[in-house]
Amino acid sequence: MRRWVAVLFLVGVTVVWGATFPVVKSALASASVGVFLSLRFALAFLVLLLASSGRGRPRWDKAALLCGLLLFAGYALQTAGLRQTLPSRSAFITSLSVILVPALQWLFSGKVPGLRVWLAAGLALAGLVLLLRPEAAPLSLGDGLTFLCALAFAGHVLALEAAVRRQHPLGVNTVQIGVVALLSPILAWATPVFLEWSVVLVVGLVITGVFASALAFGAMAKVLTVLKAGETGIVLAFEPVAAAVVSVLLGYEQITTNMLVGGLLVVSGVALVAASQR
């Protein structure tokens, strides 16, 4: 797979994730967050188990298990943090993983990411500030939990890069989704439980479970055999841009100068990744 193809694949993943925001919002009228996540990842795990064969058959090794634990930690900490902070603050703090990925890579491997990676990350982060417009408010426990969420998601990208060197990306994805599926009921038990089956909920589970989880995280695992972790983290910053475009198309938001400039900065960062040499 060529670099530019890998970047396009990953941009496609972010578009899928960004487009699911209205789907999830509608589905959550029929289920609490913990219940929805439990059902979503259980469906994704079932799909991946049915698809596993040959080289893609999962091995439950430490590297793949770590990916699942970090992915679950990200979702759990984000959910806990959202209860005590503003949505715009949560979105922005989570997006700090853009800069945290190369920083953690430097910390744990001792390899300093190239100047182009730092420049691309800086452009993406500046764009996210304009795009997400985090509201000014005193720091809260929710902000701290959300920052830990950003660390978990950044660590997940690094762990996934290491895991796909040990076994087939499909196998790694099956294990990590399986771990999240097994642990997600903890979120359901820790929050008020609500479930009312509806067509909207079923459609939401199919879209998020099959496309936004099983296929999207699988594509991300495959891409990390081509792109470095720091580069992958930068491309993932395109998700809020995709979400903003979908929001405008559906009439939830109006196009603003901040949205245009912020989106352009993020796209510039992604373009730097696509144009750089391995």
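Just so you know, all these numbers are worked out from the coordinates, no wet-lab data involved. Note that this is a predicted model, so its numbers are computed, not measured. All Cβ positions, even for glycine, are placed from backbone atoms using ideal geometry, and neighbour counts span all protein chains on display.
From most to least packed by mean Cβ count within 10 Å, the peptides 223-236, 60-73 give 223-236, 60-73. Dividing the summed -39500 (n - 2.57) terms of all DSSP H runs of n ≥ 4 by the residue count of the chain sets its mean residue ellipticity at 222 nm at -24000 deg cm²/dmol. Considering only lysines 8 or more places apart in sequence, or on different chains, count the pairs in the chain whose C-alpha atoms sit under 24 Å apart. For the chain, the number of qualifying lysine pairs is 5. Sorting the segments 247-260, 91-104, 181-194 by their residues' average number of neighbouring beta-carbon atoms within 10 angstrom, most packed first, yields 91-104, 181-194, 247-260. Each residue in VAL245, VAL35, VAL273 was given a count of other beta-carbon atoms within 10 angstrom of its own, and listing them fewest first yields VAL245, VAL35, VAL273. May I ask you to list, by number, the DSSP H helices of the chain whose Cα span along the axis is at least 20 Å and whose average Kyte-Doolittle hydropathy reaches 1.0 or more? Qualifying helices, which must be both long enough and hydrophobic enough, are 3-27, 33-51, 62-82, 115-132, 141-163, 169-190, 257-275. Pairs of Cα atoms nearer than 8 Å and 6+ residues apart set the relative contact order; for the range 65-216 it is 40 percent.
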